[in-house]
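Data first, discussion second: the structure below is written as structure tokens.
The values are calculated or read from the model by the stated rules, or taken from the named source; none is laboratory data. Note that the coordinates shown come from a computational prediction; the quantities given were computed from them, not determined experimentally. Note that each Cβ is placed from the backbone with ideal geometry, even for glycine, and that neighbours are counted across all protein chains shown. Surface accessibility is based on the protein's heavy atoms, side chains included, excluding ligands, DNA and RNA. Shrake-Rupley method; radii C 1.70, N 1.55, O 1.52, S 1.80 Å.
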There are 2 protein chains.
Amino acid sequence: MKDVAKLAGRPARLKRRQFLAEGPQAVREALLAHRAAIDEGLPPVVAEVFATEVCLERYPEFPDLASGLPLRLASDDVIAAMADTVSPQGIVAVCHFVDRTLDNVLAAGPRLLAVMVRVQDPGNAGTVLRAADSAGADAVILTSSSVDIYNPKAVRSTVGSLFHLPVVTGVDFEVLIQRLQARGIVLLAADGYGDIDLDRLQDESALRRLGNQEVGSGSPERTGPALEAATAWLFGNEGQGLSDAELASAQYRVAVPLYGQAESLNVGTAATVCLYASARAQRELV
Amino acid sequence: MKDVAKLAGRPARLKRRQFLAEGPQAVREALLAHRAAIDEGLPPVVAEVFATEVCLERYPEFPDLASGLPLRLASDDVIAAMADTVSPQGIVAVCHFVDRTLDNVLAAGPRLLAVMVRVQDPGNAGTVLRAADSAGADAVILTSSSVDIYNPKAVRSTVGSLFHLPVVTGVDFEVLIQRLQARGIVLLAADGYGDIDLDRLQDESALRRLGNQEVGSGSPERTGPALEAATAWLFGNEGQGLSDAELASAQYRVAVPLYGQAESLNVGTAATVCLYASARAQRELV
């Protein structure tokens, strides 16, 4: 039990390559991902589950979901002591790290990637990951100086999305850029001061998708990247954004327009708008 | 000082119709809004400011920004005792409630409104307000059973946007719906189970904006509302969404598409996508 509680801290997580999923929703997602992994001959996602009797009465599906895995009864106090949350609602799962290698992700020919560059807040990292899942991104990549995505608060903020799409962690920024460029993936920096307006890219993309090459006085000039191309979005640190060097690594600097008086967007919000713009452009007219 | 600290609680806020802005960024936005209000002959936004000497050395612009207002020196301990934040960074402002009446907001002929219906989490409420500001919404409306937007955590989450656009609080839901309908404002319910796909609305709107009525095999059928119309988006409670009765009050139920495996979107994220879609549709091709 003490060993489990230690997973709230990074050293124990790194040493054992395990982390905690807390609460019925996260544990359910972990168990579903575990079952899918086993069915596909992939490594297990969950190591063991601890739950209170009351929790199992309330959610009688868990013993079945956890079949083949150690499911241990524990008291409320024990669960609370293991978990980082004040109220883990009677269930926690010890999970194996789920991150993949960059090679593994690139080999699958990704069309849409979300890259977090020095994102520091676990809640923001989780929100970006959830947004990437919602927008159907192929993977999420965190550079080596970003927050630990297995931090309990980050795991909670993903609301299960950590188990939904491939995640790559601890990637050196320079190496990542080279690898993405070599694959011909367009690098877009999300940058409030960017010279390219995301709305303009969306309009141009809509024109192409909707099959119209001659609107008004003629086809508009391409001013930047085609959103429908294979794309990696770079999202920077919440305070400082992307550094000049990081911005220079991207092919384009794209700004989400600010229509009101807000000075900036939260990184999770910006990521949502950017990833949804790409997702929409990459799909046919619905 | 104790009176100021009491503003962290709702009873004192309601009684005095005052709230706290904490930290340099929020206080700066409050003071800028205060100056603009005074210049326009509107009621004052800020009542008084408390700051540490260290803070005023670090941000020497504050005495000037606060000119005409009581600016009181206080110790770190006093500031910390007044504020809700662990680290208010040496400055807090006592602000007057800034909300307006529904009449006032509707009289201005709004084109885009964000309505929070029973949103309970202060962080979510702040995020929706900030997203509304970013998307250039004309006002934000909170129904009577929503969280108090003057809650310190909500104020912080708006990152100054509370001072940027009109906010209406404590509105009865039924009354609101009637008033919006009477104005001919289209009511869109953001609903994960909605029968209308936001992407489709965006595509149809893009076609109209881009001046093309005949694409492919003919003009597409209008399947729902025109995003470019004057619109009020309804965003529901974070756990339960909008109730059946609330959904029935809207003219259309619109879903933000989920491309990945995520089961739902955070209300702040959904609001961002919806409000940006409207903002973009309401503007000309950039």
Consider A:Val92 against the criteria (1) open to solvent by 10 Å² or more (accessible area, probe 1.4 Å); (2) within 15 Å of A:Gly23 (Cβ to Cβ): it satisfies all of them except one. Which criterion is unmet?
(1)
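Taking the range B:80-115, which residues are of a type in the set (A, V, I, L, M) and in contact with a Phe, Trp or Tyr (Cβ under 6 Å, 6 or more places away or on another chain)? Lay out the reasoning, then the answer.
Step one: filter the range B:80-115 for residues of a type in the set (A, V, I, L, M), giving B:80-83, B:86, B:91-94, B:98, B:102, B:105-108, B:112-115.
Result: B:Val92, B:Ala114.
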If I go through the range B:49-69 residue by residue, how many of them are open to solvent by less than 50 Å² (accessible area, probe 1.4 Å) and not aromatic (Phe, Trp, Tyr)?
8
In the range B:14-33, how many residues are in contact (Cβ under 8 Å) with a residue 60 or more places away in the chain and either closer than 17 Å to B:Pro60 by Cβ or open to solvent by 10 Å² or more (accessible area, probe 1.4 Å) (or both)?
13
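On the basis of being within 30 Å of B:Ile38 (Cβ to Cβ) and more than 13 Å from chain A (Cβ to nearest Cβ), does B:Ala114 make the cut? Don't jump to the end; show me each part of the working.
Working: within 30 Å of B:Ile38 (Cβ to Cβ): yes; more than 13 Å from chain A (Cβ to nearest Cβ): no.
Here the answer is no, as B:Ala114 does not meet what is asked.
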Examine the range B:159-171 for a residue that is more than 20 Å from B:Val46 (Cβ to Cβ), within 14 Å of chain A (Cβ to nearest Cβ), surrounded by 20 or more Cβ atoms within 10 Å (Cβ to Cβ) and under 17 Å from the mean Cα position of the chain (by Cα), and state whether such a residue exists.
no
Sole miss for A:Arg118 among (1) assigned to a loop (DSSP other than H, G, I, E, B); (2) open to solvent by less than 30 Å² (accessible area, probe 1.4 Å); (3) in contact with a strand residue (DSSP E or B) (Cβ under 6 Å, 6 or more places away or on another chain) is condition (2)
Could you count how many residues in the range A:139-158 are touching a Gly at 6+ places or on another chain (Cβ under 6 Å) and away from chain B (no Cβ under 14 Å)?
2
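Among A:Leu32, A:Leu65, A:Leu14, A:Leu69, which is the only one that is modelled with pLDDT under 95 and under 27 Å from the mean Cα position of the chain (by Cα)?
Values: A:Leu32 fails: modelled with pLDDT under 95; A:Leu65 fails: modelled with pLDDT under 95; A:Leu69 fails: modelled with pLDDT under 95.
After ruling out the rest, the residue left standing is A:Leu14.
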Look through A:Gln181, A:Gln213 and report the one residue that is over 20 Å from the mean Cα position of the chain (by Cα), open to solvent by 10 Å² or more (accessible area, probe 1.4 Å), more than 27 Å from B:Asn266 (Cβ to Cβ) and modelled with pLDDT of 90 or more.
A:Gln181
Read through the list (1) modelled with pLDDT of 95 or more; (2) over 30 Å from B:Ala108 (Cβ atoms), then give the number of the only condition that B:Ala248 fails.
(2)
B:Pro60: passes all of (1) under 19 Å from the mean Cα position of the chain (by Cα); (2) in a loop (DSSP other than H, G, I, E, B) but (1)
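For the range B:251-274, what are the residues that are over 30 Å from A:Pro110 (Cβ atoms) and touching a helix residue (DSSP H, G or I) at 6+ places or on another chain (Cβ under 8 Å)? Quick ask: steps written out before the conclusion?
Of all residues in the range B:251-274, those over 30 Å from A:Pro110 (Cβ atoms) come to B:251-253.
Answer for the range B:251-274, where residues must be over 30 Å from A:Pro110 (Cβ atoms) and touching a helix residue (DSSP H, G or I) at 6+ places or on another chain (Cβ under 8 Å): just B:Arg253.
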Meets criteria (in contact (Cβ under 8 Å) with a residue 60 or more places away in the chain, crowded, with 16+ Cβ neighbours inside 10 Å and over 30 Å from A:Thr143 (Cα atoms)) for A:Ala83:
no
Selection within the range B:250-270 - open to solvent by 20 Å² or more (accessible area, probe 1.4 Å) and of a type in the set (Gly, Ala, Ser)
B:Gly260, B:Ser264
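Among the residues of the range A:47-62, are any among the basic types (Lys, Arg) and under 27 Å from A:Asp148 (Cα atoms)? Give the steps one after another, and end with the answer.
First, the residues of the range A:47-62 that are among the basic types (Lys, Arg): A:58.
Filter again for under 27 Å from A:Asp148 (Cα atoms), leaving none.
Checking the range A:47-62: not a single residue is among the basic types (Lys, Arg) and under 27 Å from A:Asp148 (Cα atoms).
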Could you check the range B:16-49 and list, in sequence order, the residues that are over 17 Å from B:Val78 (Cβ atoms) and either in a loop (DSSP other than H, G, I, E, B) or basic (Lys, Arg) (or both)?
B:Arg16, B:Arg17, B:Arg28, B:Arg35, B:Glu40, B:Gly41, B:Leu42, B:Pro43, B:Pro44, B:Val45
For B:Gly224, the lone unmet condition from (1) surrounded by fewer than 22 Cβ atoms within 10 Å (Cβ to Cβ); (2) out of contact with any Leu (no Cβ under 9 Å at 6 or more places or on another chain); (3) modelled with pLDDT under 95 is (2)
Hey, any hits in the range B:121-138 for a residue that's open to solvent by 40 Å² or more (accessible area, probe 1.4 Å), away from chain A (no Cβ under 14 Å) and not in a helix (DSSP H, G or I)?
no
With criteria (1) open to solvent by less than 30 Å² (accessible area, probe 1.4 Å); (2) in contact with a strand residue (DSSP E or B) (Cβ under 9 Å, 6 or more places away or on another chain), A:Ala154 comes up short on (2)
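Any chance the range B:181-190 includes a residue that's of a type outside the set (D, E, K, R), more than 12 Å from chain A (Cβ to nearest Cβ) and closer than 25 Å to B:His34 by Cβ? Break it down into steps so the answer makes sense when it comes.
Just the residues of the range B:181-190 that are of a type outside the set (D, E, K, R), to begin with: B:181-182, B:184-190.
From the residues that got through so far, the ones that are more than 12 Å from chain A (Cβ to nearest Cβ) too are B:181-182, B:184-190.
From what is left, the residues that are closer than 25 Å to B:His34 by Cβ are none.
So far as the range B:181-190 goes, no, none of its residues is of a type outside the set (D, E, K, R), more than 12 Å from chain A (Cβ to nearest Cβ) and closer than 25 Å to B:His34 by Cβ.
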Report whether or not B:Ser146 is free of Cβ contacts under 8 Å to residues at least 60 places away in the same chain and over 16 Å from B:Gly23 (Cα atoms).
yes
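Among the residues of the range A:244-281 satisfying the criterion of being in a loop (DSSP other than H, G, I, E, B) and more than 9 Å from every other protein chain (Cβ to nearest Cβ), which is nearest to A:Arg200 (Cα to Cα)? Spell out how you get there, then give the answer.
Filtering the range A:244-281 down to residues in a loop (DSSP other than H, G, I, E, B) leaves A:250-251, A:256-266.
Of the ones still in play, those that are also more than 9 Å from every other protein chain (Cβ to nearest Cβ) are A:250-251.
Working: A:Ala250: 18, A:Gln251: 17 Å.
Ranking the candidates gives A:Gln251 first.
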